[in-house]
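Peer 1: This is the structure I have questions about; it appears just below.
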Amino acid sequence: MPDFLIGTGRCGSTLAYEVLAHHPAVGFVSRLDNRWARTPRPLRRHAATIYRRLRTGPVTVSRRLGPSEAYVALSREVSPMITDPYRDLTAEDVTPWLAGRLRRFFDDRTAPGGRFVHKFTGWPRAGFLHAVFPEARFVHIVRDGRAVANSLVQMPWWRGHLGSAGWRFGPLPDAYAQEWEAGGQCLVHLAGLGWKTMMDRYEDARTAVPSDQWLDVRYEDLLTDPRKHLDRILGFYELPWTRDFELSLERRRFSRGRAEAYRTDLSARQLALLDSSLSDHLHRYGYRV
């Protein structure tokens, strides 16, 4: 039975996932499995253990075995519906054949006695995943939407420069489309509206999952006090705090240097548009405008 780490993308979930990957009881899909369709089953199941043993060895080796969202492998072995939907997936999208493939995908990669954690970004998919894995836990990494928007527009793969009709997240809700038009179709604003649209879907998805199986963790809090919030995450996943995990944490640096880079990376008008547009959502998660 897998557990999940989810977030909108550009939200800090990769940092959290890489830290969790060093816990001795955590399994994951490796990058090697993502790239190589014929990865032997024993290697699939024990890639995480090998990765942790090689973490002080050659960088190229450990990177190839490191944790992956595995979109290539999931598309290949399950369905592109899981990896590239134009909207969020809910329990209504579950079919017996799709659920069976998804269960086999994770069963083939879970070592006996281990705990498997997989990361999804973009749409939450939590309603869908909960229907397939009723006991699964969801850790939702939240980041300030202004920082997310700033990061998105700097990514070479972000397609918002084509407008809302050209990106991969379907049409904007009518109210948000009108808001974008009123703001002069600013592309930074569009990235912020994308975050707001995603957060709406995360709030919907949260209602589909029992409250004791969902945990929100702010990325900024994780940077400020990593030990406290990683302890929350491990406890939520029912994982012990171990000496090996402690040592891996001591070797990692948590930098707040880019946490508020949006304040200097964006213009005053772009910041004003984001503050106005995202204020209600930001306040709900404790961010100041």
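Peer 1: Tell me whether the stretch 224-289 comes out rounded, prolate or oblate; compute the Cα gyration tensor, take square roots of the eigenvalues as a ≥ b ≥ c, and use a/c under 1.5 as the rounded threshold.
Peer 2: In terms of gyration-tensor shape, oblate.
Peer 1: Continuing with the same structure: Can you give the accessible area of Tyr287, probe radius 1.4 Å, in Å² rounded to 10?
Peer 2: Accessible surface of Tyr287 is approximately 20 Å².
Peer 1: If you don't mind, there's one more thing I want to ask. Which FRET efficiency value, to the nearest 0.05, do you get for Arg101 and Met155 by plugging their Cβ-Cβ distance into 1/(1 + (r/R0)^6) with R0 = 45 Å? Write out the running numbers ahead of the final one.
Peer 2: On the way: r = 30 Å, r/R0 = 0.67.
In this case the efficiency is close to 0.90.
Peer 1: I would also like to ask the following. Where the centroid of each part is defined by its Cα atoms, how far is the stretch 259-289 from the stretch 154-222 in Å?
Peer 2: Measuring centre to centre over Cα atoms gives 14 Å.
Peer 1: Moving on to the next point. Multiply the residue separation of Thr207 and Gln178 by 0.36 nm, subtract the distance between their alpha-carbon atoms, and state the gained length in nm to one decimal.
Peer 2: My answer for the length gained is 7.7 nm.
Peer 1: Provide Rg over Rh for the chain; use the alpha carbon set for both Rg and the Kirkwood Rh (inverse mean inverse pair distance). Provide the component values of the computation, followed by the final result.
Peer 2: Details: Rg = 19.1 Å, Rh = 19.9 Å.
Using Cα coordinates only, the ratio equals 0.96.
Peer 1: Same structure again: If I model a spin label at Ser255 and Asp93 as a point 7 Å from the Cα along the Cα→Cβ vector, what separation in nanometres do I get?
Peer 2: Spacing of the two 7 Å Cα→Cβ label points: 3.6 nm.
Peer 1: Based on the alpha-carbon gyration tensor of the stretch 170-237 and its eigenvalue square roots a ≥ b ≥ c, which shape applies: rounded if a/c is under 1.5, prolate if not and a/b is larger than b/c, or oblate? Don't skip to the answer; put the middle values down first.
Peer 2: Numbers: a/c = 5.30, a/b = 1.90, b/c = 2.80.
Since a/c reaches 1.5 but b/c is at least a/b, the shape of the stretch 170-237 is classed as oblate.
Peer 1: Can you tell me the accessible area per residue over the chain, all protein chains present, probe 1.4 angstrom, in square angstrom?
Peer 2: 47
Peer 1: Moving on to the next point. If eta is 1.567 mPa s and T is 4 °C, what Stokes-Einstein diffusion coefficient results for the stretch 1-98, Kirkwood Rh from Cα pairs, in µm²/s?
Peer 2: 88
Peer 1: Using a 1.4 angstrom probe on the protein heavy atoms only, line up Tyr17, Tyr219 by accessible area, largest first.
Peer 2: So, going from the largest accessible area down, we get Tyr219, Tyr17.
Peer 1: Could you order the peptides 70-82, 172-184, 25-37 from most to least packed, using the average number of other C-beta atoms within 10 Å per residue?
Peer 2: 25-37, 70-82, 172-184
Peer 1: Quick query: amide H of Arg125 versus all other amide H atoms, modeled in the peptide plane; which residues come in under 5 Å with a sequence gap of 5 or more or a different chain?
Peer 2: Amide H to amide H, under 5 Å and 5 or more residues apart or across chains, Arg125 pairs with Leu89.
Peer 1: Relative to the present Cα-Cα distance, how much length would full extension add between Leu162 and Thr264 at 0.36 nm per residue of separation?
Peer 2: Contour length minus the Cα-Cα distance gives 34.2 nm.
Peer 1: Follow-up. So who's got an amide H within less than 5 Å of the one on Gly27, skipping anything under 5 residues away but keeping other chains? H placed 1.01 Å off N, in plane.
Peer 2: Hits under the 5 Å cutoff: Arg115, Phe116, Val117.
Peer 1: Under a plain spin-label model, where a point goes 7 Å from the Cα along Cα-to-Cβ, how far apart in nm are His283 and Asp225?
Peer 2: Output for this residue pair reads 2.5 nm.
Peer 1: For Phe133, enumerate residues with amide H under 5 Å from its amide H, sequence gap 5+ or separate chain, H modeled in the peptide plane.
Peer 2: none
The values are calculated or read from the model by the stated rules, or taken from the named source; none is laboratory data. Given the structure is predicted, the values throughout are model-derived calculations rather than measurements. Virtual Cβ from ideal backbone geometry, glycine too; neighbours counted across all protein chains shown. Note: accessible area is taken over every heavy atom of the protein model, side chains too, but ligands, DNA and RNA are not part of it. Shrake-Rupley method; radii C 1.70, N 1.55, O 1.52, S 1.80 Å.
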